[in-house]
1. Pick from B:M44, B:M108, B:M115: which is touching a Ser or Thr at 6+ places or on another chain (Cβ under 8 Å), surrounded by 15 or more Cβ atoms within 10 Å (Cβ to Cβ) and either assigned to a helix (DSSP H, G or I) or β-branched (V, I, T) (or both)?
2. Among the listed residues B:L88, B:L141, B:L131, which satisfies the condition of being more than 14 Å from chain A (Cβ to nearest Cβ) and either in contact with a strand residue (DSSP E or B) (Cβ under 9 Å, 6 or more places away or on another chain) or outside any strand (DSSP E or B) (or both)?
3. Considering only the stretch B:71-82, state which residues are under 14 Å from B:G50 (Cα atoms), assigned to a strand (DSSP E or B) and not polar (S, T, N, Q).
4. For B:L13, which of the numbered conditions (1) under 19 Å from the mean Cα position of the chain (by Cα); (2) surrounded by 15 or more Cβ atoms within 10 Å (Cβ to Cβ); (3) in a helix (DSSP H, G or I); (4) among the aliphatic types (A, V, I, L, M) fails to hold?
5. Taking the condition crowded, with 17+ Cβ neighbours inside 10 Å, among the hydrophobic types (A, V, I, L, M, F, W, C) and modelled with pLDDT under 90, does B:C95 pass?
6. Of all the residues that make up the stretch B:23-40, how many are more than 15 Å from B:L67 (Cα to Cα) and β-branched (V, I, T)?
7. Report, by residue number, each residue of the stretch B:49-70 that is under 19 Å from B:G26 (Cα atoms) and assigned to a helix (DSSP H, G or I).
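The values are calculated or read from the model by the stated rules, or taken from the named source; none is laboratory data. Just so we're clear, the structure is a prediction, and the values are computed from it rather than from any experiment. Positions of Cβ are generated from backbone atoms using ideal geometry, with glycine treated the same way; all protein chains shown enter the neighbour counts.
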Amino acid sequence: MEIKPPKCTIPPANWEEFKDLQEWKQLHKTRPETGDKFSPLFESVTEGIHSFPGGFVVTTVADNFLNWARKSAVWPVSFGLACCAIEMMATFASRFDVERLGMVPWASPRHSDLMIVSGTVTIKMAPMLERIYEQMPDPKWALSMGSCANSGGPFRHGYHVVKGVDRIIPVDVYVPGCPPPPESLLNGLLLLQEQIAHFHKTGRKAEPTPKVD
Amino acid sequence: MSAEMNIARARMLLEGIPGVTLSGEGPILTVETPVDQFAVVGAMLKEKVGCLFFAFLTAIDHKEAGLEVVARLDNLDSRVCVMLRTKLGAGNTRCPSLFAIYRGANWMEREAFDMFGIVFDGHPDLRRMLLPEDWVGHPLLKSYAVDTPYPPYR
């Protein structure tokens, strides 16, 4: 008698069926936009100049100049939560040298533009993180670094972990990895600079980069 | 004094107490006591056996059979380790505190209270150790649902 090998059929993954992804999408539809990245006064003045004949030249040039200035001096607040912070420190150190991109790790949230959430956010730490983010002046950006900050990562089903930092603060760039190497974080920072470059041109905040865990 | 002699002495001392069972081989001696004898046996181990070092205290959830408290006491000079265990019984969450005997039991008992909800009688300052003070429930119990909503961050 012939013995047939067992047939192993794995159904292709339908990502839309995953509960976590649905939850994330729902959350992003309704997430609160804390922190206004535009000043209404500045916007009305810009509108006024724009409506003058030939005024658009001034506004676009001014926009370009301001965006160039913003993206060339993104100061991340030095804020590390877990092992991802080690990679973040390596990125700030001389080998990868983000200072050539104009980034200086600054020890005060009141002078910073960017918050790199590097590591697991516990429920006990979440209020402090939110507070630091609120202390930063507008315009401000947030970068979620590593699986833990993106979605909770390996600790997602623990009792004490926030399932993704985007439940607390709006995130602009997600960097996958566990932990992401400095090259990965550097790529994320360059993506953020690109986002900042067409920040005012589009008139609103750029979409966050697609989330990968 | 050698480890064997110390263990033999500990066995001799503890065999007289009703309800205490001894087991274990080699340098580790497992002592199971009823709940009301917990602190008495702890004091005896410190004074008579010389277990001056309080290594840790934790608990185990046996679901329907109730909780079990486990403490490890070491005599570092003669390498005697004692696992002191007591079963609280179904539905019981009260246990005598070892704080009066071992100062190191203070934070360990607070942690056991935090994670398992065991109330240690005689503990001077039984508050939550690791979790925020407004946390609801005791997360290392088997009956604790992991996805218990904890607004606003879950």
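1. B:M108
2. B:L88
3. Residues satisfying the conditions are B:R72, B:L73, B:D74, B:V80, B:C81, B:V82.
4. Checking B:L13 against (1) under 19 Å from the mean Cα position of the chain (by Cα); (2) surrounded by 15 or more Cβ atoms within 10 Å (Cβ to Cβ); (3) in a helix (DSSP H, G or I); (4) among the aliphatic types (A, V, I, L, M), the one that fails is (1).
5. no
6. 4
7. Result: B:V49, single match.
Yes or no, residue by residue, for (1) loosely packed, with under 15 Cβ neighbours inside 10 Å; (2) modelled with pLDDT of 85 or more; (3) not hydrophobic (A, V, I, L, M, F, W, C):
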{"site": "A:T59", "(1), (2), (3)": "no, no, yes"}
{"site": "A:W75", "(1), (2), (3)": "no, yes, no"}
{"site": "A:M89", "(1), (2), (3)": "yes, yes, no"}
{"site": "A:M128", "(1), (2), (3)": "yes, yes, no"}
{"site": "A:A149", "(1), (2), (3)": "no, yes, no"}
